[in-house]
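Have a look at the structure below, then the notes.
The values are calculated or read from the model by the stated rules, or taken from the named source; none is laboratory data. Just so it is clear, the structure is predicted and the values come from calculations on it, not from any experiment. With ideal geometry, Cβ positions are generated from the backbone for all residues, glycine too; neighbour counts draw on all protein chains shown.
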Amino acid sequence: MDGARPPEDDAETEYQNVTINVAPEVEEIARRRAEAEGLSIAEYLKRLLNAEIAAEEELEALALEGLRSGDPHEAPLDYWIDRHRRLDERLSEGHATGPGKTGL
């Protein structure tokens, strides 16, 4: 994570045009979601990028907090078996999110 964020909109910000090729279905989803929020597609994508950067920063902060929280404790095998079982249950119930669940 390089910490770079898209700049805030102001009169002095210079922008570059970027062209991306996406399937028509993806373009329609982006357009509908942007319009639902009263945004252009460019503004919507900028908001998504900022949200992803913020999530990465939060995850990094939480990881560092965990590393600094004290002496490590070894988790027994039973703990990992239970965690795996609970994750499998969530996945089978359709509660997972992520790249495989976007429908894109």
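Summary of computed values
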{"read-out": "Output for segment 22-41, where each listed residue is surrounded by 13 or more Cβ atoms within 10 Å (Cβ to Cβ), hydrophobic (A, V, I, L, M, F, W, C) and in contact with a helix residue (DSSP H, G or I) (Cβ under 9 Å, 6 or more places away or on another chain)", "value": "Ala30, Ala34, Leu39, Ile41"}
{"read-out": "Those residues of segment 31-43 which are outside any loop (DSSP other than H, G, I, E, B) and modelled with pLDDT of 95 or more, in sequence order", "value": "Arg31, Arg32, Arg33, Ala34, Glu35, Ala36"}
{"read-out": "Condition met for Leu48 (modelled with pLDDT of 90 or more and among the hydrophobic types (A, V, I, L, M, F, W, C))", "value": "yes"}
{"read-out": "Residue in segment 69-91 that is touching a residue at least 40 places away in the same chain (Cβ under 8 Å) and surrounded by 10 or more Cβ atoms within 10 Å (Cβ to Cβ) present", "value": "no"}
{"read-out": "Filter result for the condition that a residue is at pLDDT 95 or above and either farther than 30 Å from Glu27 by Cβ or out of contact with any Ser or Thr (no Cβ under 6 Å at 6 or more places or on another chain) (or both), over Asp82, Asp71", "value": "Asp82"}
{"read-out": "Some residue of segment 94-104 being at pLDDT 90 or above, under 20 Å from the mean Cα position of the chain (by Cα) and assigned to a helix (DSSP H, G or I)", "value": "no"}
